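Coordinate-derived values only; no laboratory data. All values reported here derive from a predicted model rather than from experimental measurement. Virtual Cβ from ideal backbone geometry, glycine too; neighbours counted across all protein chains shown.
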Amino acid sequence: MHRVQIHARDLRILDPLLSYPSTSGTRAGYSAQSRSHIKAIITAEEVLLRDPTEENVIPIVEELRRRREHHDADAIEEEESPFEFRALEVALEAICSYLDARTTELETAAYPALDELTSKISSRNLDRVRKLKSAMTRLTARVQKVRDELEQLLDDDDDMADLYLSRKLFGASSPVSGSGAPNWFAASPTIGSKISRASRASAATIHGNENDVEELEMLLEAYFMQIDATLNKLTTLREYIDDTEDYINIQLDNHRNQLIQLELFLSSGTVCLSLYSLVAGVFGMNIPYSWNDNHGYIFKWVVIISGVVAALLFIFIVAYARYKGLVGS
């Protein structure tokens with residue numbers, strides 16, 4: 001807080017115990033950035049990264065070092081971008097590349113799983129797609145949050161003007177001197193001494209129109225288009241998942257209808273057999289009656305006629321069901 005004059009409430013953005021998927025806070029002299037897995041404090045002279053040895057943050061530190069060496073080897077032009085813009089560009093590039101890589105990995109795993117599910121509906125395939133859909137939902141939320149933050153910045157010129165930290169720093173003090181060498185990240189004073197020329201070069205742009213945000217707007221628009229393309233990939237994947245779910249639901253409905261038809265046929269057959277059993281039950285009663293004497297030949301006619309009636313009744317029920325469209329043809 002003493003080093004960069006940051007407010008205590010802005011440190012909450014960098015708190016690992018709090019959930020800030022993509023948030024930025026800009027004050028006079030510093031910008032606190034929490035975007036996806038990157039949490040940093042950017043000033044006009046240095047960048048402070050939390051957990052610089054973390055796996056996903058190491059590439060950012062290496063890129064900052066690479067650009068430092070590049071600027072140290074080449075001559076600093078008069079129209080050099082301010083230091084905070086170069087640091088912000090590295091962070092945005094890392095975030096967009098990270099989210100795009102995660103999206104590509106998700107697409108590589110999701111599309112074959114969805115195709116396999118459509119060909120064979122099983123508990124294993126359903127569970128696999130469920131996990132992929134959950135991962136896609138979480139990733140979409142992260143990408144959407146970053147996109148919304150960039151869009152909000154692009155829609156507000158005042159917020160973009162607040163990100164011109166060098167303009168504020170040098171506008172409130174004398175021109176750049178050799179002191180106050182910028183640092184790329186904390187605990188690395190040697191890095192800061194090698195890019196002091198870059199900060200002095202960036203001072204050439206701070207005395208212009210304070211409302212001119214074209215340079216930052218072009219920078220943000222480039223990464224807004226990149227993150228928007230990533231979001232479009234996820235949207236396409238979500239639509240494919242929704243289409244697959246609709247297809248599976250149609251298949252399940254078709255199987256359910258087939259089971260209902262089978263139940264109708266079995267119920268119809270049961271009714272017809274019950275009539276046949278009724279006739280057999282009547283003639284099978286242990287009750288003496290005179291007309292049964294000397295008429296044994298009638299047994300076969302009773303059996304045949306009862307069977308034919310039962311079969312005709314079954315055919316009539318099935319034909320009526322098809323006529324009413326209750327079963328398929």
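If R₀ is 51 angstrom, what is the calculated FRET efficiency for the pair Glu239 and Val282, using the beta carbon separation as r and rounding to 0.05?
Details: r = 65 Å, r/R0 = 1.27.
Efficiency computed from Cβ-Cβ geometry: 0.20.
Quick one: Karplus J couplings for the stretch 86-93, per residue in order, coefficients 6.51, -1.76, 1.60, θ = phi - 60°, nearest Hz, x for Gly and Pro?
Values, residue by residue: 5, 5, 5, 5, 4, 5, 5, 5 Hz.
Where does each of 314-325, 104-115, 137-148 land if you order them by average Cβ count within 10 Å, highest first?
For the peptides 314-325, 104-115, 137-148, the packing ranking is 137-148, 104-115, 314-325.
Between the stretch 99-137 and the stretch 255-276, how many Å separate their Cα centres?
First find each Cα centre; the distance between them is then 39 Å.
For a label point 7 angstrom out from the Cα of Ala101 toward its Cβ, which stretches of the stretch 120-148 have the backbone nitrogen within less than 17 Å?
Only 139, 143 pass the distance filter.
Run the quick spin-label model on Ala321 and Gln152: label points 7 Å from Cα toward the beta carbon, then report their separation in nm to one decimal.
6.0 nm
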